[in-house]
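Data block below; observations after.
Any read-out appearing in this document is the output of simple, stated calculations on the displayed coordinates, not a laboratory observation. All values reported here derive from a predicted model rather than from experimental measurement. Heads up, the Cβs are rebuilt from the backbone with ideal geometry, glycines too, and the neighbour counts pull from every protein chain shown.
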Amino acid sequence: MSAFRLIASMFAFLLMPLAAHAQETRPSTCLAMAEALPNVTFVNLQLAAGEDVTITYAGHSTYIIETPAGVRIATDFSGAYGTRPTPDVITMNKAHTTHFTSSPDPAIEHVLRGWNPDGGPAEHSLMVDDVYIRNVATDINRYGVMEKDGNSIFIFEVAGLCIGHLGHLHHRLEDSHYAAIGRLDVVMVPVDGGLTMSLDGMSEIARRLSSSVILPMHRHTTPLDAFTRRMGEGFDLDFRDSRSLTVSLTTLPQRPTIVVLEGV
């Protein structure tokens, strides 16, 4: 390892928080910190062990993320999918009642809304055991009315992986959004073809994020090949006969791959 890379690795390690279950602001391993130090590759020594994360398609836009420490996260949680076992963390978005619930189970410890009921963008930054969760606010089109900051792209940083869920995204992302999101190894993408945004727009976003694994969701009746064709020949296609995918930093595919889990 070069001296620059070693120093960068030690720096990234020292930035790791010691507290858990706290709302806090902390450096993100997914953001392009290396821009501050040209020619340096940041490696997080604590998180580079290659532990497995399991991602399960529960239904609609709900994926269940299970971390090495046993934290269970349900995305775009409405109460229709992913309720058992009870998740430790749920994320929700405001677009429709199929993406949130106004009465989550009190046993759910962390309820993260992608919008701010008091106005302005939602802001989440918290550690839950071994996973750091943050969000990037975007706008939604709620029943024909564009609503600022009504959606969040949630990002889960765990076991050296950066996992993103685009939520109910309704518009193309600007450079500032991509900068705030940073690197995503795995991204969950709505492919309904219009209820969120067009397939052309969504495939453009998925290509630019350059993730190793793309997990379609929110498909409804859209033919999958309508999305995969737009992604181009640079992406492999992997159909699974299981609802679950186990992935680690060391088992990411060599080529960007669209993984279609059972039920999608």
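Values for this structure:
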quantity	calculated
Fully extended contour minus Cα-Cα distance, from ASP200 to ASP225, at 0.36 nm per residue	7.7 nm
Reciprocal mean inverse distance between Cα atoms of the stretch 124-264 - Kirkwood radius, Å	15.6
Alpha-carbon centroids, the stretch 154-192 and the stretch 47-85: separation in whole Å	16
Protection proxy ranking of 103-110, 138-145, 152-159 - average other beta-carbon atoms within 10 Å, highest first	152-159, 138-145, 103-110
Residues of the stretch 107-127 with amide N under 19 Å of a point placed 7 Å along Cα→Cβ from LYS148	114-124
Separation in nanometres of the label points that stand 7 Å from Cα toward Cβ, at ASP118 and GLU262	4.5
FRET efficiency, 1/(1 + (r/R0)^6) with R0 25 Å, evaluated for SER176 and LEU237 via beta carbons	0.20
Per-peptide average of other Cβ atoms within 10 Å, ordering 185-192, 257-264 highest first	185-192, 257-264
Mean separation of Cα contacts under 8 Å, 6 or more apart, over the residue count of the stretch 52-260: relative contact order %	16
